Amino acid sequence: MIHFGIVGTGWRSLFYLRCARACPDQFRVLGVVSRDPAAKASLALEFGIELVASIDDLLAKGRADFVVSSVPWPANPGVIEALTERGIPVLSETPPATSIEEMAALFALTTKGARIQVAEQFHLQPLHAARIALAHSGRLGRVSQAQVSVSHGYHGVSLIRRLLGVTFEAATIQARSFVSPIVKSPGRDGDQLTEQIESCTQILAWLDFGGRLGVFDFVGDQYFSHVRGQRVCVRGERGEIIDDRARYLLDHTTVVETPLVRHDAGMRGNLEGHYHKGYTLGESWIYENPLAPGELSDEEIAVGDCLLRMATFAAGGPPFYSLAEACQDRYLDIMMKQAEETGVQVQTGPQMWAP
């Protein structure tokens, strides 16, 4: 059983609470730190958890394997520092800090023994995890290009790096923006009451890592829009992935074309329950849901996977998305935004968190 606490009661905190509720055999929430009386009442009623006023009150509830910091950007560095000062491993929501200077100060904590990981979840969503596994399997040969139209900023950069196998290499970045009309999309609270036309901004960026190219393409409506979907293309010397289909060579004259097939229980009369099982490529599993049979969305599965991996890290295991990685993705995001705003090509350089 994994015991953890949460600081913060915002929208992202709910994902952790839903994971714990769907998988009570794996997770127990010791408590949630909140100074919002309304949040205390609603969360206590919905999730049956106790909300407390301070980090010390939370830690007094029992032994926490780690604590999730899920607070607004400006408050996050202070919460991380307060927890690490008390010797508590921290799983930070993204990004861990907003500026290069803040990230450098946070990373300095790890040189003093602070145990920090970041809850970057996109690469752990089932389909993305299956794509990454295929990209790293050797079937495509050396991967040289990843075109990602999935998520904003540092999230998109993270997927690009994972698909390409890039770590802290320097990049040459060019970026542009384009504004176009769209029917206003649903939001966190659901559909709009009436149809409205609004402007949306598309960011296009090219990140050249020297022989490996990342193409970033995103409009904010993609998270909720019914008419702006996700697109991913991964290209290697022996094959490619386009969305959920793969094509690769067995030899130079024999091509295999196969889909990444999603498997869900509870569909078409199946009586196993309602949960995601995983993805197969041909006759083999390329991704299996570590939280089955919990009834969770793909995003919640990814968040739950972060919790599982964080528990392993807190117990002395390997990192799964280190503070250094998170800082690098946010740094590339900052530089990408600079290239877009100025129209001038930028060159990244080594930062203090790079090994």
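The values are calculated or read from the model by the stated rules, or taken from the named source; none is laboratory data. Just so it is clear, the structure is predicted and the values come from calculations on it, not from any experiment. As a convention, Cβ positions derive from the backbone with ideal geometry for all residues, glycine included, and neighbour counts pool all protein chains shown.
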Residue among 280, 258 that is among the β-branched types (Val, Ile, Thr), under 17 Å from residue 133 (Cα atoms) and in contact with a Gly (Cβ under 9 Å, 6 or more places away or on another chain): 258
Pair list, Cβ under 6 Å, 6 or more apart: region 212-231 residue of a type in the set (Phe, Trp, Tyr), other residue assigned to a helix (DSSP H, G or I): 216/156; 218/156
Some residue of region 134-155 being over 18 Å from residue 209 (Cα atoms) and assigned to a helix (DSSP H, G or I): yes
Single residue of region 164-189 satisfying the filter (closer than 14 Å to residue 222 by Cα, small (Gly, Ala, Ser) and part of a strand (DSSP E or B)) that is nearest to the chain's Cα centre (by Cα): 187
Residues of region 15-46 that turn out to be buried (at least 17 other Cβ atoms within 10 Å of the Cβ) and either within 23 Å of residue 94 (Cβ to Cβ) or in contact with a Gly (Cβ under 7 Å, 6 or more places away or on another chain) (or both), as a count: 18
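Would you check if there is a residue in region 317-333 being surrounded by fewer than 13 Cβ atoms within 10 Å (Cβ to Cβ), within 23 Å of residue 135 (Cα to Cα), modelled with pLDDT of 95 or more and not basic (Lys, Arg)? Talk me through it step by step, then tell me what you get.
From region 317-333, those surrounded by fewer than 13 Cβ atoms within 10 Å (Cβ to Cβ) are 317-318; that's our starting set.
Checking which are within 23 Å of residue 135 (Cα to Cα) leaves us with 318.
Adding the requirement that they be modelled with pLDDT of 95 or more leaves 318.
Filter once more, so that each one left must be not basic (Lys, Arg): 318.
There is at least one residue in region 317-333 that is surrounded by fewer than 13 Cβ atoms within 10 Å (Cβ to Cβ), within 23 Å of residue 135 (Cα to Cα), modelled with pLDDT of 95 or more and not basic (Lys, Arg).
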Residue among 185, 199 that is of a type in the set (S, T, N, Q) and out of contact with any helix residue (DSSP H, G or I) (no Cβ under 9 Å at 6 or more places or on another chain): 199
Residue in region 181-192 that is of a type in the set (A, V, I, L, M), within 30 Å of residue 212 (Cβ to Cβ) and surrounded by 12 or more Cβ atoms within 10 Å (Cβ to Cβ) present: no
Neighbours by Cβ (under 7 Å, 6+ apart or cross-chain): first from region 272-288, under 19 Å from residue 304 (Cβ atoms); second β-branched (Val, Ile, Thr) and surrounded by fewer than 17 Cβ atoms within 10 Å (Cβ to Cβ): 279/261
Pair list, Cβ under 7 Å, 6 or more apart: region 33-51 residue outside the structural domain of residue 61 (by TED's automatic domain parsing) and farther than 17 Å from residue 68 by Cβ, other residue of a type in the set (Phe, Trp, Tyr) and outside any strand (DSSP E or B): none
Top-ranked residue of region 108-123 - restricted to ones that are aliphatic (A, V, I, L, M) and assigned to a loop (DSSP other than H, G, I, E, B), ranked as surrounded by the fewest Cβ atoms within 10 Å (Cβ to Cβ): 114
Qualifying residues in region 228-250 (those that are among the aliphatic types (A, V, I, L, M) and touching a helix residue (DSSP H, G or I) at 6+ places or on another chain (Cβ under 8 Å)) - the one farthest from residue 162 (Cα to Cα): 246
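Please verify whether residue 63 is under 21 Å from the mean Cα position of the chain (by Cα) and either assigned by TED's automatic domain parsing to the domain that holds residue 152 or surrounded by fewer than 22 Cβ atoms within 10 Å (Cβ to Cβ) (or both), treating the condition exactly as stated.
On the way: under 21 Å from the mean Cα position of the chain (by Cα): no; either assigned by TED's automatic domain parsing to the domain that holds residue 152 or surrounded by fewer than 22 Cβ atoms within 10 Å (Cβ to Cβ) (or both): yes.
Considered against the rule, which asks whether it is under 21 Å from the mean Cα position of the chain (by Cα) and either assigned by TED's automatic domain parsing to the domain that holds residue 152 or surrounded by fewer than 22 Cβ atoms within 10 Å (Cβ to Cβ) (or both), residue 63 comes out as no.
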